[in-house]
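To start, the structure itself, in C-alpha cells.
The values are calculated or read from the model by the stated rules, or taken from the named source; none is laboratory data. As the structure is a computational prediction, the values presented were derived from the model and not from experiment. Here the Cβ positions follow ideal geometry from the backbone for every residue, glycine too, while neighbour counts run over all protein chains shown.
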Amino acid sequence: METQDIYEIWNKEESGVLSVTPLILKACEAGKIGQVISFPGGCIYKSMFTYLCGIPDRSFLAEHQELLYESRLVCISGEWAEYIRKLPVKFILRREIMEPFCSESFKVMKELPEGYSLSAFTDEIFDMHPFDHGRSYSDYQEFIRTGAGAAVLFNGKVVSAASSFLSLDDHVELDVFTDPEHRHKGLADHCVYEMLRQCRAKGLTVHWDAQNRMSSKMAVSHGFVPVTDYAVYWLEKK
C-alpha cells in the first residue's frame with residue numbers, strides 16, 4: 001500500500017477514534033454495501049474501510065485475525081483503538097471529515113486550460129468507470145437518478161473526475177481524482193464545482209472525507225467545513 005503523496009500520516013498522540021458516523025458506515029449499517037461480522041458486544045463492518053464498532057471480543061478475534069489485516073481499519077470506540085495499538089501497526093493514516101454540504105460551490109472558477117473540456121457524466125463516461133468512479137451503481141440509470149458526476153476530458157480521454165462514490169437516501173459520498181500527468185491545472189476544482197451544482201439541483205447532500213491536506217483545502221475552498229479528523233490503521237501482515 002503506497003502512502004507517499006496521496007496520503008497523510010497521523011502524527012498525533014491521540015488514538016484517532018472516529019467520533020462521527022460517516023456516510024459509508026451508514027450505508028454498511030443499512031446493508032447497501034459491504035458485509036457485517038457480529039459478535040458479543042460489537043461488530044465489524046467491512047467495505048472500502050473496515051469499521052470497528054463496540055468492544056472487541058478477544059477470543060473471537062484470536063480465531064479471526066484475518067479480519068484485521070490487508071484492510072484500512074477505523075476505530076469507532078476507544079476500546080478498539082486500545083486493542084489495535086497493541087498489534088503490529090505498520091503505519092497510521094490521517095483523514096478529515098467535512099460537514100455535509102447541500103449547496104452549490106461559492107468558489108470563483110477560472111477557465112479551463114486550452115484543450116480541456118468539462119462534461120457531466122454521460123452514459124459513455126459512466127461505462128468507462130474512470131478511476132473506478134461509478135462502480136458501486138448497478139447502471140447509468142441508477143447513477144443519474146441517485147448520484148451525480150462531472151469529468152474533464154483531454155483528447156477524448158477522461159483525465160479528471162468527481163462523482164458520487166455511493167448514494168444513500170438523499171446523501172452522496174464524493175470521490176475526486178485527477179490523472180497525475182494532468183494535475184496542478186485546476187481540473188479537479190472544475191469537476192467538483194459541476195458535481196456540486198448537479199447535487200444542489202437534485203436536492204442531494206454531499207459528504208467529503210479528505211485523505212490529505214490538499215483534499216481538505218480543496219473541500220474548504222468550495223464551501224465545506226471541517227468537522228473532525230481520525231486515524232486509519234494498517235497492520236503489519238503476519
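Brief remarks follow.
- Whichever residue in the stretch 195-214 is in contact (Cβ under 8 Å) with a residue 24 or more places away in the chain, under 28 Å from Ile144 (Cβ atoms) and surrounded by fewer than 19 Cβ atoms within 10 Å (Cβ to Cβ) and, among such residues, is nearest to the chain's Cα centre (by Cα): Gln211
- Count - residues of the stretch 46-74 that are over 19 Å from Val89 (Cβ atoms) and of a type in the set (A, V, I, L, M, F, W, C): 4
- Residues of the stretch 26-46 that turn out to be part of a helix (DSSP H, G or I) and among the charged types (D, E, K, R), as a count: 2
- All of (1) loosely packed, with under 14 Cβ neighbours inside 10 Å; (2) in contact with a Phe, Trp or Tyr (Cβ under 6 Å, 6 or more places away or on another chain); (3) under 14 Å from Leu52 (Cβ atoms) hold for Lys90 with one exception: (3).
- Pairing each residue of the stretch 55-69 that is assigned to a helix (DSSP H, G or I) with any residue that is of a type outside the set (A, V, I, L, M, F, W, C), provided the two are 6+ apart or on different chains, yields C-beta distances under 8 Å for Arg58/Tyr83; Phe60/Pro40; Leu61/Tyr83; Gln65/Lys238; Leu67/Lys46; Leu67/Thr50; Leu68/Thr50.
- Matching entry among Lys217, Lys157, Lys202 (being within 22 Å of Lys32 (Cα to Cα), modelled with pLDDT of 95 or more and basic (Lys, Arg)): Lys202
- Selection status of Gly223, within 26 Å of Val20 (Cα to Cα), touching a strand residue (DSSP E or B) at 6+ places or on another chain (Cβ under 7 Å), surrounded by fewer than 22 Cβ atoms within 10 Å (Cβ to Cβ) and not polar (S, T, N, Q): yes
- Whichever residue in the stretch 96-117 is assigned to a loop (DSSP other than H, G, I, E, B) and among the acidic types (Asp, Glu) and, among such residues, is farthest from Thr178 (Cα to Cα): Glu99
- Among residues of the stretch 82-106 that are within 16 Å of Arg72 (Cα to Cα), those with a Cβ under 8 angstrom from a residue that is of a type in the set (Lys, Arg) and at pLDDT 95 or above, sequence gap 6+ or separate chain, pair up as Leu93/Arg72.
- Answer residue from the stretch 118-176, given it is of a type in the set (Phe, Trp, Tyr) and part of a strand (DSSP E or B) and is nearest to the chain's Cα centre (by Cα) among those: Phe165
- Residues within the stretch 14-55 that are surrounded by fewer than 20 Cβ atoms within 10 Å (Cβ to Cβ) and either hydroxyl-bearing (Ser, Thr, Tyr) or more than 14 Å from Tyr230 (Cβ to Cβ) (or both), tallied: 24
- Selection of the stretch 137-157 for residues being more than 19 Å from Gln198 (Cα to Cα) and either in contact (Cβ under 8 Å) with a residue 12 or more places away in the chain or surrounded by 12 or more Cβ atoms within 10 Å (Cβ to Cβ) (or both) yields Phe154, Asn155, Lys157.
- Of all residues in the stretch 83-92, none satisfies being part of a loop (DSSP other than H, G, I, E, B) and outside the structural domain of Ser15 (by TED's automatic domain parsing).
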